[in-house]
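**Q** Have a look at the structure that comes next, please.
Here, each number is a calculation from the coordinates, and none is a lab measurement. Remember, predicted model here, so these are calculated numbers, not experimental data. Cβ sites come from the backbone with ideal geometry, for glycine too, and all protein chains shown count toward neighbours.
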């Protein structure tokens, strides 16, 4: 009983740390799957592991938010931060936060938390939305891992010669670089450019007869 509590506390701590460092961190759901396998796959254990990982992931975002608060003077001139500040508190903002917190791999919700922290957005409703998203994400990813559909360790070792730990290190380093570059990108201008490209594609009639 004590050892189970200690393992769950360790899983909670790993989930917090993995989400407290912006654009960086190990896959806490894989670790959660390992804990679930060790403790026995039952409905109760599954629900407990999902809850612990989701709660830890949500608590970790508090550190990301306050990193934005601490860097607000440097970030206040960033166009993306101003864009987030403009949307903070609106229904669309919370919907976007839910989607970004739900997505696997790239930690897009870190952008939202940094921008909201820099603009002093309300933290408590953001944490509520994030917790719901992380519950769904943990449940989905752990179920996939248990079902064998995400045999990441075997696939990466077979094709790349990388262990799960090595893949985690390489992936985390790549996410840091991608995260910084994405944050420096002008999102609004990128959206406008993408909209124009899509508009041009739709404006060209398919199979239109040649004039004359």
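**Q** Rank by packing, highest mean first: peptides 36-44, 113-121, with packing defined as the count of other Cβ atoms within 10 Å averaged across residues.
**A** Packing proxy ranking, top to bottom: 113-121, 36-44.
**Q** Right, here's the next one. How far apart, in nm, are two points set 7 Å out from the Cα along the Cα-to-Cβ line at residue 76 and at residue 140?
**A** The answer from the label model is 3.8 nm.
**Q** A further question on this structure: Zone of residue 69 (label point 7 Å along Cα→Cβ, backbone N under 15 Å): which residues in the range 112-131?
**A** Under cut-off, by backbone N: 113-127.
**Q** Suppose R0 equals 30 Å. What FRET efficiency, 1/(1 + (r/R0)^6) with r the Cβ-Cβ distance, do residue 41 and residue 91 give to the nearest 0.05?
**A** It comes to 0.20.
**Q** Something else now. Would the range 1-68 count as rounded, prolate or oblate if I go by the C-alpha gyration tensor, calling it rounded below 1.5 in a/c and otherwise prolate when a/b exceeds b/c, oblate otherwise?
**A** The shape class here is prolate.
**Q** Same structure, new question: What FRET efficiency comes out for residue 5 versus residue 103 if R0 is 22 angstrom and r is the Cβ-Cβ distance? Round to the nearest 0.05.
**A** 0.10
**Q** What residues of the range 38-60 lie in the reach of a label at residue 127, counting those whose backbone N is under 11 Å from a point 7 Å from the Cα along Cα→Cβ?
**A** Label zone hits: 58-60.
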